[in-house]
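One structure is given below, encoded as structure tokens.
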Amino acid sequence: MPLRALALNCSLKSDPDEESSTDALISVLSGAFEELEVAVTRTVRVASLDIKPGVTSDEGEGDEWPALREELLEHDILIFGGPIWMGQVSSVAKRVLERLDAFLGETDDQGRMLSYSMVAVAAIVGNEDGAHCSSAQLFQALNDVGFTIPAVAACYWVGEAMGSVDFKDLDTVPDKVTQTAAMVAGNAAHLAGLLERSPYPG
């Protein structure tokens, strides 16, 4: 079976048709994955869904997390994308992390969380400092709930502080971003393939 990746866009923009710098960077990463024959099935605009607050896998009537959770678990790689706000990950990203907390108690008979076979990488954009802080927040939380983080797992672009140019406004993708995306995708695909063939023993 070919490897499959799902991208979560944790932009604050709820309309999937509204242009997003996070989408633009996810597209760069998706292209790098597709060159390695990893299928990026779709990008989910998380803010367009009614993801209830909480730390369980189902927070009741109207909660759209259960369906997204099931879709996520059908994939080998998670592309966790989002913007920097106030030097850290967005509130939408934090909501996703809080809902993933349920994985701590959802283990198989060998004590493995449902996410043990999955690899996670990050796509981070912003016009201020905070890319390293944001990736640190994401990777610590994702690792806590069972995801495996490969070497060089973050692809990011940060514009001028207090600037008005967003990643989506660039005429061309900077070479360094393209190079990093290729490395992120290559390392993630390699690691996901290893885990598929030889899962953690638990």
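Here Gln137 qualifies as assigned to a helix (DSSP H, G or I) and either modelled with pLDDT of 95 or more or out of contact with any helix residue (DSSP H, G or I) (no Cβ under 6 Å at 6 or more places or on another chain) (or both). Candidates are the residues of segment 163-182 that are free of Cβ contacts under 8 Å to residues at least 60 places away in the same chain and over 21 Å from Gly130 (Cβ atoms); the one that is surrounded by the most Cβ atoms within 10 Å (Cβ to Cβ) is Gln179. Residues in segment 148-163: is at least one of a type in the set (Asp, Glu) and either touching a Gly at 6+ places or on another chain (Cβ under 9 Å) or at pLDDT 95 or above (or both)? Looking for residues that are of a type in the set (Asp, Glu) and either touching a Gly at 6+ places or on another chain (Cβ under 9 Å) or at pLDDT 95 or above (or both), one finds none in segment 148-163, hence no.
Scanning segment 74-104 for residues that are open to solvent by 70 Å² or more (accessible area, probe 1.4 Å) and either in contact with an Asp or Glu (Cβ under 8 Å, 6 or more places away or on another chain) or on the phi < 0 side of the Ramachandran plot (or both) returns Glu74, Trp85, Ser91, Lys94, Arg95, Glu98, Leu104. For segment 1-47, the tally of residues that are closer than 23 Å to Ser135 by Cα, touching an Asp or Glu at 6+ places or on another chain (Cβ under 6 Å) and buried (at least 18 other Cβ atoms within 10 Å of the Cβ) stands at 2.
Among the numbered conditions (1) open to solvent by 90 Å² or more (accessible area, probe 1.4 Å); (2) under 21 Å from Ile79 (Cβ atoms), the only one that Glu160 does not meet is (2). Looking at segment 1-114, the helices (runs of 4 or more DSSP H) lying wholly inside it that each contain 3 or more residues that are of a type in the set (Asp, Glu) sit at 21-35. Does Gly62 count as open to solvent by less than 20 Å² (accessible area, probe 1.4 Å) and on the phi > 0 side of the Ramachandran plot? No, not satisfied.
The values are calculated or read from the model by the stated rules, or taken from the named source; none is laboratory data. This is a predicted model, so every value here is computed, not measured. Note that each Cβ is placed from the backbone with ideal geometry, even for glycine, and that neighbours are counted across all protein chains shown. Heavy atoms of the whole protein, side chains included, go into the accessibility calculation; ligands, DNA and RNA do not. Shrake-Rupley method; radii C 1.70, N 1.55, O 1.52, S 1.80 Å.
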